[in-house]
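Read the structure below first, then the notes.
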Amino acid sequence: MLNYINPQARKPSCVSLLTKPGCPYCAKAKALLTEKEITYEEIVLGQDATIRSLRAMTGATTVPQVFIDGKLIGGSEALASYFGD
């Protein structure tokens with residue numbers, strides 16, 4: 001449908017962000033996504049998932065972990081690099 005309406009339009013990215021409450025790096029990643037006007041789904045460790053799930057998905061035990069269109073980007077610094085910031 002989007003191609004019919006506007007063939008030059010860019011398809012919105014599907015973004016998931018694994019975080020934990022009180023994490024300053026998570027806040028930084030969320031602020032960057034918001035600044036770029038990118039909507040995301042937040043998955044909160046201890047509420048929506050566990051460290052075990054995080055490790056199974058990413059191989060990491062630190063947050064945030066960002067996925068864009070199914071590709072693991074990494075933490076907040078990797079996200080900034082992804083956007084060229």
Under 18 Å from Pro24 (Cβ atoms) and assigned to a loop (DSSP other than H, G, I, E, B), is that true of Thr62?
-> yes
Single condition Thr34 does not satisfy, out of (1) closer than 19 Å to Ser81 by Cβ; (2) assigned to a loop (DSSP other than H, G, I, E, B) = (2)
Failed criterion for Ala29 (all others in (1) of a type in the set (A, V, I, L, M); (2) part of a helix (DSSP H, G or I); (3) out of contact with any Leu (no Cβ under 6 Å at 6 or more places or on another chain) hold) | (3)
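This table checks each residue for (1) more than 25 Å from Asp85 (Cα to Cα); (2) polar (S, T, N, Q); (3) in contact with a Phe, Trp or Tyr (Cβ under 7 Å, 6 or more places away or on another chain); (4) exposed (fewer than 10 other Cβ atoms within 10 Å of the Cβ).
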| position | (1), (2), (3), (4) |
| --- | --- |
| Lys11 | no, no, no, yes |
| Gly22 | no, no, no, yes |
| Tyr25 | no, no, no, no |
| Ile38 | no, no, no, no |
| Leu45 | yes, no, no, no |
| Thr50 | yes, yes, no, no |
| Met57 | yes, no, no, no |
| Asp69 | no, no, no, no |
| Ile73 | no, no, yes, no |
First in segment 5-22 and over 17 Å from Ser53 (Cα atoms), second anywhere and surrounded by 10 or more Cβ atoms within 10 Å (Cβ to Cβ), Cβ under 6 Å, 6 or more apart | Ala9/Leu2; Ser13/Ile68; Ser13/Asp69; Cys14/Asp69; Val15/Ile38; Val15/Tyr40; Val15/Ile68
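Readers should treat all values here as calculations from the given coordinates under stated rules, not as data from a laboratory. Fair warning: this is a prediction, and the values are worked out from it, not measured in the lab. All Cβ positions, even for glycine, are placed from backbone atoms using ideal geometry, and neighbour counts span all protein chains on display.
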